[in-house]
Structures are given as structure tokens and as C-alpha cells.
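Q: Below: one structure in C-alpha cells.
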Amino acid sequence: MLKKAVAGKYAVGQFNINNLEWTKAILTTAQENNSPVILGVSEGAGKYMTGFKTVAAMVKAMIEELNITVPVALHLDHGSYDGCYKCIEAGFSSVMFDGSHFPIEENVLKTSELVKTCHDKGISIEAEVGSIGGEEDGVVGAGEIADPNECKKIADLGVDFLAAGIGNIHGKYPENWKGLDFDALAKTKDLIGDLPLVLHGGTGIPAEMIKKAISLGVAKINVNTECQLYFQEATRKYIEAGKDLEGKGFDPRKLLAPGTEAIKVIVKEKMELFGSINKA
Ligand code: 13P
């Protein structure tokens, strides 16, 4: 999926899921737009959904029941060492091992072991160098710029795609954010060649920066907070308009519908920006 994206100069969106509504909204949007898609699951979201086995079973069944034919990857987002093994066992098609908080030697050791395990089972693996700033499900990073030589070291372990910190952060960007470091991105790209690069913290990055990042080899872009904000706003409007008090407006299927539709809107917008529409 991502090799094709590098060759075609577009990026595939990773949209994080939290529940059935999220999953349904993202899968149907991908199908309606003939776009490949990556469903991201953080360890916290996995726990919330009662475990990775539940998630894998739900996604598998939903793909079948909804007749989803576009390529779908089920990917562990910012996985711990143990989390990766749990997802491999649960039937995920892809994992991210986030060893960025370990000293580089330990990151190398753990990543190479996981690369072997994943590849023996036909699972793809993402690694990270230079932590992504902000906070996501308790994983806190300071928004480092990854050292291109360290990226090369991790890339050479045989990972399938690499997240390199280039000043990107999770969540909303602060007013004084300096923007993405394209020099660092270009240097990393020069060293690692055609290995797909991953841009985390996709929420709120201006469109022009996204396009430039894609032109420099980014082939996977992670979006989480923006879906949450769209869901929140639509749900708030529904309740503030008193719709939950009208007729059967209290029915959870009605209560969650505006938020679910809102996720579809933002996911489609991102797929357009990333250039993945009609690339299934
Ligand atoms: P945002 O929440 O900033 O969109 O980041 C998502 C992400 O990078 C998931 O790994």
C-alpha cells in the first residue's frame, strides 16, 4: 500500500479508531472514495475497546459485512514492545513499535527483533526515531527533530516504514509552532531512499506543508485529534439544539449519528488532500 503511495507521490491516511462508529465512518468513506486506508489503534483505544482481539474481530467482520473492497490495514499506533506482540497475536496486519524513548542501541535491538517476528508472519512494521511532540494516550514526546543518521540506522533494520520526528506534534499546534523541518526531512529521505516516511500529528498541519512533505517522501499521514474534534462539535450541536429531547432523539443510534457523519466529512477532506482518492 505504501510502496505504491511513494511511487505515485500521494499519502495514505491513518485514522485512529475508538469504537464501532469511528470504524464504520472511516471504512465507508474509504470505500466511497475508492481510497486505501489505515485504521490506527493506540494502546489506550485498544484497552477501551476491551482488547486488541475485539478490535481485530470487529474490523474483520465489518469489512465483510459492509463489502469493503479497498485495501485496509489494521495498525497498532505507538506500540510498546508487549503491545506489538499482543497485536501480532490478535491478527493485526501492521504494528508500530515506538522505541523512540529508549536509547538508540535499545531501540535498534528491540526493533530488529520485532522486524523478524513481524516479517515471519507477513505483518508490516513501522519504527520511530526522534519522539513526536505532544501527548497521545499517555505517550508524551517533546517534538524532536530526528537525526537523519539514526533514521538510516533504524531503516537498515528492515522496517517497512519510518516515522521521523520533524517538529510535528500530536494534538493541536500551538500559536508559536515553527512548522515542519523540511531540511531534516530531505536529509533523511536522501539517506533512506524509497522507504516510505510517516508523518504523525496530521491534525492542523497547513495543506501546503502536507503537500511538500508528500513530495519529499511522506507516504503515510496520521490523523486522530481532528476526527475527535469533528465528532465533538457535531455531537455538541445536536444536544445544544435539544434534538436529544425530541421524540426518540435519545436513542444512541440517533445521538451518535451526527458525530459519525462529521468524521466522514473530515476523513474525505484528508483523503483529498493526501491524494489517495481513487488509488485503491
Ligand atoms: P493527531 O492527533 O495530532 O492528528 O496525531 C495523530 C497521530 O499521529 C497518531 O499517531
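Please treat every number below as a calculation from the coordinates, not as lab data. This is a predicted model, so every value here is computed, not measured. Here the Cβ positions follow ideal geometry from the backbone for every residue, glycine too, while neighbour counts run over all protein chains shown.
Q: Order the peptides 244-251, 169-176, 263-270 from the highest to the lowest mean number of other Cβ atoms within 10 Å of their residues. Spell out each step's value before the answer.
A: Values: 244-251: 11.1, 169-176: 14.6, 263-270: 19.8.
Descending mean neighbour count gives 263-270, 169-176, 244-251.
Q: Could you rank the peptides 223-230, 159-166, 4-11, 64-71 by their average count of other C-beta atoms within 10 Å per residue, with the highest value first? Each step should come with its number before you reach the end.
A: Working: 223-230: 20.8, 159-166: 25.9, 4-11: 17.6, 64-71: 12.6.
Result, highest mean first: 159-166, 223-230, 4-11, 64-71.
Q: Okay, next question. Using only DSSP helix segments of four residues or longer, with each worth -39500 (n - 2.57), what per-residue ellipticity at 222 nm results for the chain after dividing by its residue count and rounding to 500?
A: Working: 12 runs with 133 residues, N = 280.
Value at 222 nm, helices only, nearest 500: -14500 deg cm²/dmol.
Q: Counting residues in the chain as N, plug N into 2.2 N^0.38 Å and put the Cα Rg over that result. Walk me through the numbers on the way to the answer.
A: Details: Rg = 18.3 Å, N = 280, 2.2 N^0.38 = 18.7 Å.
Dividing the Cα Rg of the chain by 2.2 N^0.38 Å gives 0.98.
Q: What is the antiparallel percent of DSSP beta bridges lying wholly in the chain, to the nearest 5? Don't skip to the end; give the middle numbers.
A: Working: 4 of 34 bridges.
So the antiparallel bridges amount to about 10 percent of the total.
Q: Taking the alpha-carbon distance from residue 243 and a cut-off under 17 Å, which aspartates and glutamates remain once sequence neighbours fewer than 8 residues away in the same chain are dropped?
A: Straight-line reach from residue 243, under 17 Å: 233, 251, 261.
Q: Let me ask another. Tell me which lysines have Cα within less than 21 Å of residue 187's Cα, excluding those fewer than 8 residues away on the same chain?
A: The reachable lysines, counting only those whose Cα sits under 21 Å from residue 187, are 3, 9, 152, 153, 178, 211, 212, 220.
Q: Under 1.5 on a/c is rounded, so check that first for the stretch 137-280, then, if it is not, pick prolate when a/b is larger than b/c and oblate when it is not; a ≥ b ≥ c are the square roots of the alpha carbon gyration tensor eigenvalues.
A: Numbers: a/c = 2.78, a/b = 2.31, b/c = 1.20.
Because a/c hits 1.5 or more and a/b exceeds b/c, the stretch 137-280 counts as prolate.
Q: Which of the peptides 24-35, 206-217 is most tightly packed, and how do the rest follow, judged by the mean count of other Cβ atoms within 10 Å per residue? Please report the intermediate quantities before stating the final value.
A: Values: 24-35: 20.7, 206-217: 15.8.
Highest mean packing first, the order is 24-35, 206-217.
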